[in-house]
1. With the Cα gyration tensor of region 1-160 giving a ≥ b ≥ c as the square roots of its eigenvalues, does the rule (a/c under 1.5 for rounded; else a/b larger than b/c for prolate; else oblate) give rounded, prolate or oblate?
2. Could you give the alpha-carbon Rg of the chain over 2.2 N^0.38 Å, rounded to two decimals?
3. Using the beta-carbon distance between T93 and E187 and R0 = 35 Å, what value does 1/(1 + (r/R0)^6) give for FRET efficiency, to the nearest 0.05?
4. Please work out the average accessible area per residue across the chain, using the 1.4 Å probe convention, and give it in Å².
5. What part of the accessible area of the chain, given as a whole %, is carbon or sulfur when the probe is 1.4 angstrom?
6. What percent do you get for the relative contact order of region 38-182 when only Cα pairs under 8 Å and 6+ apart count?
7. Tell me which aspartates and glutamates have Cα within less than 16 Å of K85's Cα, excluding those fewer than 8 residues away on the same chain?
8. Angle check, please: helix 255-266 long axis (alpha carbons) against the longest principal axis of the chain (alpha carbons), in degrees 0 to 90, nearest 10.
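The values are calculated or read from the model by the stated rules, or taken from the named source; none is laboratory data. These figures come from a predicted structure and were not determined experimentally. Every residue, glycine among them, receives a Cβ derived from its backbone with ideal geometry; neighbour counts consider all protein chains shown. In case anyone asks, the SASA skips ligands and DNA or RNA and just uses the protein heavy atoms, side chains included. Shrake-Rupley method; radii C 1.70, N 1.55, O 1.52, S 1.80 Å.
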Amino acid sequence: MKSPFSMKSLFNRKPAPSSHAYAVVTGAGSGIGRSFALELAKRHGSVVCSDINLAAAEETVNRIRQAGATGHAVQCDVGDAEQVKALAEKAETFFGQPATLVINNAGVGLGGRFDELTLEDWKWCTDVNLWGVIHGCHYFVPQFKRLGRGAIINVASAASYTAAPEMSAYNVTKAGVLALSETLSAELKKYDIRVNVLCPTLVPTNIIKNGRIPGRYSKLADHALMNYAMTTSDDVARLTLDRLDRGQLYTTPQIDAKLFWMMKRASPALYTRFLGLSYRLFK
């Protein structure tokens with residue numbers, strides 16, 4: 001029987017996408033985005049840190065440089081297509097070659113009953129959470145094809161499939177990110193472009209503090225993040241990059257995310273009834 005660990009297989013083995021990557025991370029000024037950037041630096045990557053808050057992106061870059069790695073800060077509103085196009089061009093200039101990894105992480109939080117939300121709320125949330133990811137994929141996939149390889153991590157949420165009440169706009173945007181990621185994974189395999197979609201539940205970040213969350217829930221949300229997150233942004237970043245390297249599409253880092261995933265897939269109708277009953281009891 002031929003050994004799978006022949007010298008030929010070792011020499012033909014492709015490098016892990018997260019190792020020595022030329023990476024662009026959006027929303028890199030804090031939270032999961034910053035953790036991704038710092039973890040990539042540990043893996044000997046060069047990182048362009050994008051954020052709408054330039055000072056926050058520069059702080060992440062300072063940490064990267066203190067670790068002996070290469071980083072660059074770029075201010076970018078991912079909801080603006082022209083700014084994301086410029087980000088892709090700047091990254092190629094910084095690296096001296098096309099990027100090999102893009103992490104579409106930038107996102108905002110929005111909560112409230114459906115009839116409380118304005119159309120402006122919907123546009124704000126959709127521009128960042130969904131169009132921001134679309135823009136990132138739109139401008140970086142051609143670079144990956146030109147290079148002959150690449151990788152994408154899209155940060156969605158367990159909200160993409162849990163469909164929790166009073167989170168309609170957020171749920172819709174994250175469901176779109178999940179669907180886009182699944183589609184791209186199938187479509188881009190032949191180009192040696194890997195895709196991973198991250199679907200966590202609670203992770204301690206600034207998304208609630210910087211989001212639009214009704215006052216009646218803000219303290220509850222802060223309490224939940226502090227006491228029930230069950231993970232950290234650093235752990236999530238490491239796990240997601242490891243799963244990308246193994247060619248896996250989904251990252252659901254917490255046990256509750258996995259439980260909701262299994263419940264929804266096993267019996268969607270029963271799950272929806274359970275969700276409605278739970279909401280009525282909670283209210």
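1. Since a/c reaches 1.5 and a/b is larger than b/c, the shape of region 1-160 is classed as prolate.
2. Values: Rg = 19.1 Å, N = 283, 2.2 N^0.38 = 18.8 Å.
Expressed relative to 2.2 N^0.38 Å, the Cα Rg reads 1.02.
3. Numbers: r = 28 Å, r/R0 = 0.80.
Once rounded, the FRET efficiency stands at 0.80.
4. For the chain, the per-residue accessible area is 51 Å².
5. Taking all protein chains in place, the chain shows 58 percent carbon and sulfur surface.
6. 22 percent
7. Hits, sequence-local ones excluded: D51, D77, D127.
8. It works out to around 80 degrees.
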